[in-house]
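The values are calculated or read from the model by the stated rules, or taken from the named source; none is laboratory data. Here the structure is a predicted model, which is why all the values come from computation and not from measurement. Backbone-built Cβ (ideal geometry, glycine too); neighbour counts: all protein chains shown. Keep in mind that these areas ignore ligands, DNA and RNA; they rest on the heavy atoms of the full protein, side chains included. Shrake-Rupley method; radii C 1.70, N 1.55, O 1.52, S 1.80 Å.
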Amino acid sequence: MAHHFKVISVKKGETIYEPGQQPRYVYFIQSGEVRMITVNSDNDQFIQGVFKANEYFGEPALLLQRPYLAYTIAYQDTILVLVDRPAFLNFLEEDRAFSMNLIETLSDRLFYKSMMLEEVANEQAEHRLSTLISYLSRDLESGAALKVTRQALADMSGLRVETVIRAVKRLAKSGELRLLKGKMFKP
C-alpha cells in the first residue's frame, strides 16, 4: 500500500487534523499510535479512540464529506499512509473483505461510543470504569496486562485521574482486575 500512496511521518505530539477541517484522506497507520481527542470548553480532553499499527481512521468524515469533529494527535512517532476518497471508494468496491472489515470496524466504534455514552450518564465512577476495563480487555487472555494507563482511563471515561486511581484499587479489591507493581491485569 505504501508504494502507491503518499506516506508521511508524524512526530509524537503533532496534530494530524483538527475539528472543522475538511477531510482529504483515510489514514492507515503503518507504525505508531494516534489518539482521537475531543476538548471541552474547560480544556479537558476526552479520548474518543486509540488507533495503532495496521488500523485506520478518518473514514467517517471522508465518506460523508463533512468536517472532522475531533483532534487526532500522534501519541508516538507515527508513519501514515494517506488514501484519498476515490482510492478508498475503489477499495470498498473491489475488495469485499476490506468492505466487511470497514463495516465491522465502524460497528465496533459505534458500539463503543454508545456504551461510553450510557456510562458517562451513569454517575458511579466505579461502574463506569468497570465497563470500560471490561471492554478494553475483551480480547485479552486471563492474566494478560491491560496496556492502558490510569490517565488514559481517566481521559476515556471523563473522570479525574485521582478518581480512577481510587476506583481501580476498589476494583482490584473486589477481584474485577488484578494489580501487580502498579500494572493492571485481567483476572
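Restricting attention to the range 15-27, does a residue exist that is within 14 Å of the chain's Cα centre (by Cα), assigned to a strand (DSSP E or B) and surrounded by 12 or more Cβ atoms within 10 Å (Cβ to Cβ)? Yes, there is a match, as at least one residue in the range 15-27 is within 14 Å of the chain's Cα centre (by Cα), assigned to a strand (DSSP E or B) and surrounded by 12 or more Cβ atoms within 10 Å (Cβ to Cβ). Scan A74, A87, A145, A167 and give me the residue that is at pLDDT 95 or above and either more than 27 Å from P19 (Cβ to Cβ) or among the aliphatic types (A, V, I, L, M) (or both). Only one candidate qualifies: A74. Taking the conditions (1) open to solvent by less than 50 Å² (accessible area, probe 1.4 Å); (2) within 29 Å of R160 (Cα to Cα); (3) free of Cβ contacts under 8 Å to residues at least 60 places away in the same chain in turn, L62 satisfies each one other than (2). Filtering the range 144-159 to residues that are touching a residue at least 40 places away in the same chain (Cβ under 8 Å) and in a loop (DSSP other than H, G, I, E, B) leaves A144, L146, G158. Would the range 96-109 turn up any residue that is in contact with a Pro (Cβ under 9 Å, 6 or more places away or on another chain), in contact (Cβ under 8 Å) with a residue 40 or more places away in the chain and either surrounded by 16 or more Cβ atoms within 10 Å (Cβ to Cβ) or outside any strand (DSSP E or B) (or both)? Looking for residues that are in contact with a Pro (Cβ under 9 Å, 6 or more places away or on another chain), in contact (Cβ under 8 Å) with a residue 40 or more places away in the chain and either surrounded by 16 or more Cβ atoms within 10 Å (Cβ to Cβ) or outside any strand (DSSP E or B) (or both), one finds at least one in the range 96-109, hence yes. Just one of (1) part of a helix (DSSP H, G or I); (2) in contact with a Pro (Cβ under 8 Å, 6 or more places away or on another chain) fails for T131. It is (2).
Is it fair to say Y56 is within 12 Å of the chain's Cα centre (by Cα) and either more than 28 Å from K169 (Cα to Cα) or without any contact (Cβ under 8 Å) to a residue 12 or more places away in the chain (or both)? Considered against the rule, which asks whether it is within 12 Å of the chain's Cα centre (by Cα) and either more than 28 Å from K169 (Cα to Cα) or without any contact (Cβ under 8 Å) to a residue 12 or more places away in the chain (or both), Y56 comes out as yes.
Criterion applied to E141, E162 was being closer than 23 Å to F111 by Cα and either of a type outside the set (V, I, T) or assigned to a strand (DSSP E or B) (or both), and the one residue passing it is E141.
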